[in-house]
Amino acid sequence: MTARSIREPERDLPVRGEYDVVVLGGGPAGIAAAASAAALGRKTLMVERYGFLGGMGTAAGVTGFCGLHANVHGEHRQVVHGIVDDLLARIDRLGGLNKPHVAFGKIQAQAYDTAAYKCAADDLLLGHNAEILFHALGAGVVMDADDTIRALIVETKSGRAAVIGRIFIDCSGDGDLAAWAGAPFERGDGHGGMLYPTMMFRLNGVDPAAAGEAWTTIPALMDEAEARGVMFPRKGAIVRPQKNPIEWRVNVTQMKKPDGSAIDGTDADELSAGEVEGRRQVMQFFEFLKREAPGFQNAYVVDTPPQLGIRETRRVTGPYALSGDDVLTCASFPDTIGVNGWPIEAHNAGNVEWKWPPIPQSRGFCHLPYRMILPQKVSNLLVAGRCASMTHEGQSAARVSGPCFVMGQAAASAAHLALAGNSELSEISVEALQALLEKNGAYLGRGIN
Ligand SMILES: Cc1cc2nc3c(=O)[nH]c(=O)nc-3n(C[C@H](O)[C@H](O)[C@H](O)COP(=O)(O)OP(=O)(O)OC[C@H]3O[C@@H](n4cnc5c(N)ncnc54)[C@H](O)[C@@H]3O)c2cc1C
């Protein structure tokens, strides 16, 4: 009979180091958190499972920033500032930042080159004296008491080790650290449904003149093909040029389980199946483009990313959960730490559904409250990024890069204030947090309705 479990012998772990702030995960939230904590003079460690930073932005081939901008009463404005300005300037200096483009005639987004983003993020963290531990998979925690994390356990090529911290910031996207520490979390829309994952891909060798504004014509080509019986995993294809116009990114695949629900990005078997299916869909859609879309005849798939793009898994429950209504009504909060101007972008079965705040009647962004990055039950933990406290609909908007940068910088600033004042994270002065964020360039979205 096959054993259902096996006991691992207890063992002592070497301590890799002791830090003021330990950040798990190097996506937009983690980059902003680690760089900001180190810039504030805190001994900071970034723990990342891959050999590069950027999170979904690089590891899943996203290659475009959304949520840095908002449509403010009809005017396109960058509304996320602070440490991200330093990062953007570094990507630009490396020649890897495109000018912002208008999407859906309503809001700006900004493409970047993955290699430049990776290098700029390295330089940003190291330039502020943050330490980086790459190729380190966070694997568990050691608790001091029920509510205090003593150490993060990491698995590395040099073995399993412990990293001791005073404050931990979970930027894993999946809320791994929060879940191990016992913080409550939610998943999906209440019926188990999460946003569907996508395997991104990039093409090279596109003829930009012939392709033209292909992103406006490809949906109609897909409709025509569908009428002839061609099947696509989803509608709402996003096919756009990168900085070099012969290179394009394609966001069109959708991974589901046999029962039709979304692949779970915290389930190893589902992830494995999703990677294989994702690459299969990439090649299938590429064949369609080559055959039917002008300008793509001599293109080739230059990259499928290191991993399947995961939009949503755990959302760690805080004292407040940002909701879809907050996004659509451009809600204000007294404890604002920055803003989100991205609309609800719901990756549902077979389609992408968009919901916008009134444009141009509204200011086009909602505040992000400090309470959404404060988990419950664990005293020395903050959660920033797509796994912060949001409802399923709220997360469909505020999971994109812009608001993740906001949350990361705010989490680091809150950690700094708590350490400086020897106070609980839940009891720091919100006014002091806001003053510190503004001093360091952040925009909190106050004084405009
Ligand atoms: C297909 C797709 C397309 C998208 N398109 C856009 C877009 O055009 N523009 C945009 O702004 N956003 C887009 N998004 C959303 C956006 O990329 C993410 O929501 C955003 O990157 C979330 O940032 P984050 O820092 O919270 O987490 P992530 O970006 O997910 O980063 C988490 C990091 O933590 C690391 N990590 C996770 N677990 C562990 C562990 N246990 N140990 C060590 N490291 C760990 C991961 O390797 C990763 O680097 C897209 C997402 C997907 C999936």
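Within the range 297-306, the presence of a residue that is modelled with pLDDT of 95 or more, in contact with a Lys or Arg (Cβ under 7 Å, 6 or more places away or on another chain) and under 23 Å from residue 405 (Cβ atoms) is excluded.
A single entry from 156, 148 fulfils the requirement of being more than 21 Å from residue 55 (Cα to Cα), surrounded by fewer than 21 Cβ atoms within 10 Å (Cβ to Cβ) and modelled with pLDDT of 95 or more: 148.
Here residue 34 fulfils each of the conditions (1) more than 9 Å from the ligand (Cβ to nearest atom); (2) touching a Pro at 6+ places or on another chain (Cβ under 8 Å) apart from (2).
State whether the residues of the range 181-188 include one that is under 17 Å from residue 415 (Cβ atoms), modelled with pLDDT of 95 or more and among the charged types (D, E, K, R).
no
Residues of the range 236-271 that are of a type in the set (S, T, N, Q) and closer than 21 Å to residue 188 by Cα: 253, 254, 261, 266. For the range 88-195, the strands (runs of 3 or more DSSP E) that sit wholly inside it and include 2 or more residues that are in contact with a strand residue (DSSP E or B) (Cβ under 9 Å, 6 or more places away or on another chain), touching a residue at least 40 places away in the same chain (Cβ under 8 Å) and of a type outside the set (A, V, I, L, M) are 107-111, 137-145, 159-170, 185-187. Residue 22 meets all of the listed conditions (1) of a type outside the set (Ser, Thr, Tyr); (2) under 30 Å from residue 203 (Cβ atoms); (3) assigned to a strand (DSSP E or B); (4) within 14 Å of the ligand (Cβ to nearest atom) but one, namely (2).
Of all residues in the range 57-71, those satisfying the criterion of being within 6 Å of the ligand (Cβ to nearest atom), within 16 Å of residue 252 (Cβ to Cβ) and either out of contact with any helix residue (DSSP H, G or I) (no Cβ under 6 Å at 6 or more places or on another chain) or not in a loop (DSSP other than H, G, I, E, B) (or both) are 60, 64. Within the range 393-438, the set of residues being within 23 Å of residue 326 (Cα to Cα), away from the ligand (no atom under 16 Å from the Cβ) and out of contact with any helix residue (DSSP H, G or I) (no Cβ under 8 Å at 6 or more places or on another chain) comprises 426, 431, 434, 438.
The values are calculated or read from the model by the stated rules, or taken from the named source; none is laboratory data. The shown structure was predicted, so the numbers you read here are calculated from the model rather than taken from an experiment. Counting neighbours? That spans all protein chains shown, and the Cβs are built from the backbone with ideal geometry, glycine included.
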